[in-house]
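Notes for the one structure printed next.
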Amino acid sequence: MKKVLFILVLLFQGLSAQSQYAVDTTYTVKSTYNKLIKKYPFITVAQAKENPRVDQKNDIVYYQQKDRVLHLDAFINKKNKSNPAVIMIHGGGWRSGNKNHMQVLGQEIASSGYTCFAIEYRLSLEAKYPQAVYDVKNAIKFIKDNAKKFNVDPNKIAILGCSSGGQMAALIGTTNEDPAFEDHLFKSKSTSKVQAIIDIDGVLAFKHPESSEGDMAAFWLGGKSDEKPENWKNASALSHTNKTTPPILFICSSIDRFHAGRDDMIKILNENKIYSEVKTIKYSPHSFWFFEPWFSETTGYTTQFLDKILK
């Protein structure tokens, strides 16, 4: 009887821990498909292709703080013992979405000789900026600490994100080993440094002539731009772009506002002779990466860039 009570207590504690934070489930592949299908009747939801060389491991714990546990999914290419790694950040306006959104992309890129990781991070209903950035940087350190287990070369790491995840990927890549960010991470011999950035339709500057001041950004950043100007500046990858920024690939939709700050960033990269590419998928909507025919185009651009930079 005591054993049963003990198990029930543990179960209740687990459920209580999970219910301490709100979850926004509005941004899904299905809801996006239903939104887009009328205008783009030719689209289909991209499907993962099974590959015997890719070993998928879900819900690996990479960080725990009190009762909050954060997970990642790994897509390990077993052919080589040391693959370049791709850290993948889902979109959803910093408020919605989850790591499952990156599974199809993770499977496809891993099939091309990489080990990919879809990262869970704390969203804005639970934690404001910069907590999500710290979470992903901690995931990078965890992956490097366990590089052999995941068949990863810790010196060949790319960060990839879609939409708000693209914004975060660019910020994480441009703040490589920046003490203002690193000092808040868990202690490890590894750093959160990455060697390449792939920004899929994520803004580079929040306060910019090309950007629009959105409510979801303001919610994540803790206030509007006149209320939290430092957050709006510091969360922008453009503010940190310099001679130490790694090579970057921009994969863009046809919607200009998602590219805010990109051209200014490229100008700085060019001045410092840092490689960059821009690939625009014509006539595509935001969230194009979920659907064919754009998914194949996205993965093609991604693997070509990764092969050039990391192989």
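Where does the chain land on the Kirkwood hydrodynamic radius, alpha-carbon pairs, in angstrom?
When all Cα pairs of the chain are included, the Kirkwood radius is 19.8 Å.
Take the alpha carbon atoms of the range 108-154, find their radius of gyration, then divide it by 2.2 N^0.38 Å using N residues; give the quotient.
Numbers: Rg = 12.9 Å, N = 47, 2.2 N^0.38 = 9.5 Å.
Here the answer is 1.36, to two decimals.
For a straight C-alpha distance cut-off of 19 angstrom, the aspartates and glutamates reachable from K189 (same-chain residues fewer than eight places away being disregarded) are D135, D145, D153, E177, D178.
Shown here for the range 187-269: trypsin sites (Lys or Arg not before Pro) in loop regions (DSSP other than H, G, I, E, B) with at most 16 other Cβ atoms within 10 Å, namely K187, K189, K224, K243.
Residues in the range 152-191 near a label at N242, defined as backbone nitrogen under 17 Å from the 7 Å Cα→Cβ point? Counting backbone N atoms under 17 Å from the label point, the list is 171-183.
Compactness ratio of the range 156-275: Cα Rg over 2.2 N^0.38 Å, N = residue count? Relative to the 2.2 N^0.38 Å estimate, the range 156-275 comes out at 1.03.
Of all DSSP beta bridges confined to the chain, the antiparallel ones make up roughly 40%.
Using the heavy atoms of the protein chains alone and a 1.4 angstrom probe, what is the accessible area of the range 25-117 per residue in square angstrom? Mind showing how you got there, number by number?
Values: 4760 Å² over 93 residues.
Accessible area per residue: 51 Å².
Here the range 107-186 is described by how far its Cα atoms reach on the three principal axes: 35, 25, 21 Å, from widest to narrowest. Positive contributions from Lys and Arg (+1) and negative ones from Asp and Glu (-1), summed over other residues with Cβ under 11 Å from the Cβ of D73, come out at 0. Evaluated on the range 84-126, the Kirkwood hydrodynamic radius is 10.8 Å, with distances taken between all distinct Cα atoms.
Candidate cross-link partners of K233 among the lysines, defined by an alpha-carbon separation under 22 Å and a same-chain spacing of 8 or more, comprise K128, K137, K193, K207, K224, K243, K267. Extension gain for S190-K148 works out to 13.8 nm (0.36 nm per residue, less the C-alpha to C-alpha distance). Considering only Y62, P84, I43, the residue lying farthest towards the positive end of the dipole of the range 43-95 is P84, judged by Cα position with unit charges set on Cβ.
Mean projection of the Cα convex hull over all viewing directions, computed for the range 221-311: 7.2 nm².
The distance from the alpha carbon centre of the range 156-206 to that of the range 283-311 is 19 Å, rounded to a whole number.
Taking a Cβ cut-off of under 14 Å around L249, the surrounding Lys, Arg, Asp and Glu residues balance to a net charge of -2, with basic ones at +1 and acidic ones at -1. Shape index of the range 187-246: Rg/Rh, with Rg the Cα radius of gyration and Rh the Kirkwood radius from the inverse mean 1/r over Cα pairs, equals 1.04. The trypsin sites (Lys or Arg not before Pro) of the range 147-180 that DSSP puts in a loop, and whose beta carbon has at most 15 other beta carbons within 10 Å, are K148, K149.
Remark: spin-label model distance D256-D67 equals 4.9 nm, labels positioned 7 Å along the Cα→Cβ axis.
Karplus-based coupling profile of the range 130-143, in residue order and whole Hz: x, 4, 4, 5, 4, 4, 5, 4, 5, 4, 4, 5, 4, 4, with θ = phi - 60° in 6.51 cos²θ - 1.76 cosθ + 1.60 and x standing for Gly or Pro. Take the Cα of K267, go 7 Å toward its beta carbon, and the backbone nitrogen atoms of the range 201-236 under 17 Å from that spot belong to 204-211. Each 10 Å bin from 0 upward holds the following percent of the Cα-Cα pairs of the range 33-116: 16, 38, 30, 14, 2.
The values are calculated or read from the model by the stated rules, or taken from the named source; none is laboratory data. Since we're looking at a predicted model, the values are computed, not measured. Note that we place each Cβ from the backbone using ideal geometry, even for glycine, and neighbour counts take in every protein chain shown. Protein only, heavy atoms only, side chains kept; ligands, DNA and RNA dropped before computing areas. Shrake-Rupley method; radii C 1.70, N 1.55, O 1.52, S 1.80 Å.
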